[in-house]
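Here's the structure, in structure tokens; my notes come after.
The values are calculated or read from the model by the stated rules, or taken from the named source; none is laboratory data. Here the structure is a predicted model, which is why all the values come from computation and not from measurement. Because the Cβ atoms are built from the backbone with ideal geometry, glycine has one as well, and the counts that use them run over all protein chains shown. The area values use the complete protein model at the heavy-atom level, side chains included, leaving out ligands, DNA and RNA. Shrake-Rupley method; radii C 1.70, N 1.55, O 1.52, S 1.80 Å.
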Amino acid sequence: MTDASRVGRVLGSQHTNTQEFRIVLEDDEYVQLDDLIVVRTDVPKAGEVATYGVVTEVEAIYEGASYESDTHRVAELGILPAAKVRSAQVAVTRVDPETWVSPDPGQIASRATGAERAKALYTDEMTRPLPVGLSRDGEPAYADLDFFDGRKGGHMSISGISGVATKTSYALFFLRMLTANPQILGEGAANLRVLIFNVKGEDLLWLDKPNADFDDEAAEGWATLGVAPEPFPSVRFWAPPRRRSADVIVPDTGGRQEGVDVFTWTPREFVDEELLRYVLTDASDNRNQIPFVRERVQQQLRRFALDVAGEPGAIVLRNPADHDEADAGGARPEPHEIVVRDLPSLVDAIASFLEPENGGEPDYVWGGKASGGTIAAFMRRMHYASNQLGHLIRAGESRRIDRAKASITVVAIQNLAELAQRFVVGALLNETFKQKELSGERLPLSVVVLDELNKYAPRQGDSPLKDMLIDIAQRGRSLGVLLVGAQQTASRVASEVLENAAIRVTGRLDSAEAERAEYGWMLPSTRARARLLKPGTMVLSQPAIPVPLVVQFPFPPWATRKEEVARDAEGDPFEGL
């Protein structure tokens, strides 16, 4: 610690304690919010104790002025004796060694730099420090990766107002830090797979293109973080088929068509993977008997479904008692049987058991003892779902999303109806989680980025999709499935999901939202600042550091809109003519 780093002394006119203290600044020095301070105190019989802290508030006053009007007499007229005093409030982050005593008044307070800064932020104790932003002094701020990849904790929760909190931008920045530092990630870097859902706009369909607005200042930030400012090197884009495109299957995207694959499920895959549960995901459905009918129908689908000869992915529903060994290679449909080639025909086939055309009673095997009203409600929902997401189910060649083709898989569901979005999210999360459950291994890691988490795991109500997200939050880290969830308001997300997020991040918050208990991990001063944060500034909390840090992240080198794509990246459109 040198004299050059000295900024003031510990205030002696009020008590200091082990949680916070004040410093009075030298006339020629200043500190600002988030600066790191160290104070050394000689403790009798214990020796020297270093107290580290972060500045949480800065104040100034005319000492000696009694009335507000004295300000003019001191500053302009000079007829009243007074002294300008500047001071700062410091929240203690660490005491080394752990002898919990308050810093003595009058002790020299210095900026914590170099090794002292590392101690103040516990970086010296992190086995795998990962850069997660730049702190106010322009140096990298680190998070202990053990608290994300499942070793000691897992998952990340990002909150903030839409448009100015840059939740998705920070999630992408974090992913870039994660994928660009395999030496830090260690064995988890091998075959790391990231699944990102693009739920609004087409912002994430340009991650492989350079950003035309990227400038030298942003490049300096990336250089400080030790990562080359480049677009994501390994990305694959998937989108659902466009509606009413007849037999031509094209991705349902607007600005980008090239390099986007189309995904669908066949009826056989729909039955085998029990995807019916993700068709009926309304949180209010669990208040009636519809889940009972759904479970029963799902069970019978697996018993009755037979492949159709010569039509890959198509099925017919035939009583198991009528199954024949010859059907193993594909059944030939009887004239009265409905060939299921898409969701509407599947709904018709189910209706033939639950709502016979002759007006008879529902088949007990399919409907059990459910009342006629419940079965009618179930079928109404199925017909509605058929209209909303019917184009996602079609017979033919399998068009499953293959996550092995790239490190980053972006699934564009922004043009789908809300019901269809929930279905796609549920089906893909179910597939990811089941694969990890079957392997029983934490590695390779699988990261899922899901925006609008409150829509999929709301605080109120129950649904199969919400249950899955809670399961991932509670058991996912041990299986290597890590959730990066983003939402405008954490207070509307299931508490079980939030409680299991070891790393919490927030951008700008609404004033009322900032006062909620979900943000109790923030200091009062930080909570007040959260209402004023600019885009690109976030508050980050992690178990390794007892106080939240304010960090910034540099402008992304990848494009987030078609207009941002650097022209050189698109190539010459007239080449070859």
*asked:* Helix-only mean residue ellipticity at 222 nm, the chain, DSSP H runs n ≥ 4 weighted -39,500 (n - 2.57), per residue, nearest 500. What is it?
replied: -7500 deg cm²/dmol
*With every protein chain kept in the model, how would you rank Asp70, Asp510 by accessible area, 1.4 Å probe, largest at the top?*
Asp510, Asp70
*asked:* Taking amide H atoms as placed 1.01 Å from N in the peptide plane, list the residues 5 or more away in sequence, or in a different chain, whose amide H sits under 5 Å from that of Ala412.
replied: Asn198, Trp238, Ala239
*asked:* Placing +1 on the Cβ of each Lys and Arg and -1 on the Cβ of each Asp and Glu in the chain, which of Leu498, Gly150, Gly368 has its Cα farthest towards the positive end of the resulting dipole?
replied: Gly368
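Taking the Cα centre of region 426-522 as origin, work out the dipole magnitude from +1 charges on Lys and Arg Cβ and -1 charges on Asp and Glu Cβ, in debye rounded to 20. Each step should come with its number before you reach the end.
On the way: 12 positive and 14 negative charges, 35 e Å.
With only Lys, Arg, Asp and Glu charged at Cβ, the dipole is about 160 debye.
What's the extension gain from Asn387 to Leu438 if we count 0.36 nm per residue and subtract their Cα-Cα distance?
Details: separation 51, 0.36 × 51 = 18.36 nm, distance 3.38 nm.
This chain segment gains 15.0 nm when fully extended.
For region 121-194, just say rounded, prolate or oblate: build the C-alpha gyration tensor, square-root its eigenvalues into a ≥ b ≥ c, call rounded for a/c under 1.5, and beyond that prolate if a/b exceeds b/c, oblate if not.
Numbers: a/c = 1.75, a/b = 1.24, b/c = 1.41.
Judged from the Cα gyration tensor, region 121-194 comes out oblate (a/c at least 1.5, b/c at or above a/b).
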*For region 251-366: rounded, prolate or oblate by the Cα gyration tensor [a/c cutoff 1.5]*: oblate
*region 522-570, relative contact order [Cα under 8 Å, separation at least 6], %*: 27
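Given Cβ point charges of +1 (Lys, Arg) and -1 (Asp, Glu) and nothing else, what value in debye, to the nearest 20, does the dipole of region 176-243 about its Cα centre take? Don't skip to the end; give the middle numbers.
On the way: 7 positive and 10 negative charges, 142 e Å.
Using Cβ point charges on Lys, Arg, Asp and Glu, region 176-243 gives about 680 debye.
Under a 1.4 angstrom probe, counting protein chains only, how are Arg380, Arg399 ranked by accessible area, largest first? Walk me through the numbers on the way to the answer.
On the way: Arg380 150, Arg399 65 Å².
From most exposed to least exposed: Arg380, Arg399.
Taking 22 Å as the cut-off for C-alpha to C-alpha distance, list the pairs among Lys369/Lys466; Lys167/Lys405; Lys455/Lys534; Lys200/Lys405; Lys167/Lys534; Lys209/Lys434 that go past it.
In this structure, Lys369/Lys466; Lys167/Lys405; Lys455/Lys534; Lys200/Lys405; Lys209/Lys434 exceed 22 Å between Cα atoms.
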*Of the labelled options (i) 1.08; (ii) 0.92; (iii) 1.21, which one gives Cα Rg over 2.2 N^0.38 Å as computed for this structure?*
(iii)
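With a/c under 1.5 counting as rounded, go ahead and sort region 316-431 into rounded, prolate or oblate using the C-alpha gyration tensor (a ≥ b ≥ c being the square roots of the eigenvalues; past the cut-off, prolate if a/b is larger than b/c, else oblate). Mind showing how you got there, number by number?
Working: a/c = 2.47, a/b = 1.41, b/c = 1.76.
Oblate, because a/c is 1.5 or more while a/b does not exceed b/c.
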*Any idea what the relative contact order of region 216-297 is, in percent, if you count C-alpha pairs under 8 Å spaced at least 6 apart?*
18
_Whole-percent carbon and sulfur share, accessible surface of the chain, 1.4 Å_ = 47
*What lysines sit close enough to Lys119 to cross-link, taking a C-alpha to C-alpha distance under 26 Å and skipping anything fewer than 8 places away on the same chain?*
Lys45, Lys152
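Dipole of the chain, Cα-centred, from +1 at each Lys and Arg C-beta and -1 at each Asp and Glu C-beta, to the nearest 20 debye? Each step should come with its number before you reach the end.
Values: 64 positive and 85 negative charges, 200 e Å.
Roughly 960 debye, rounded to the nearest 20.
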*Average accessible surface area per residue within the chain, 1.4 Å rolling probe, Å²*: 45
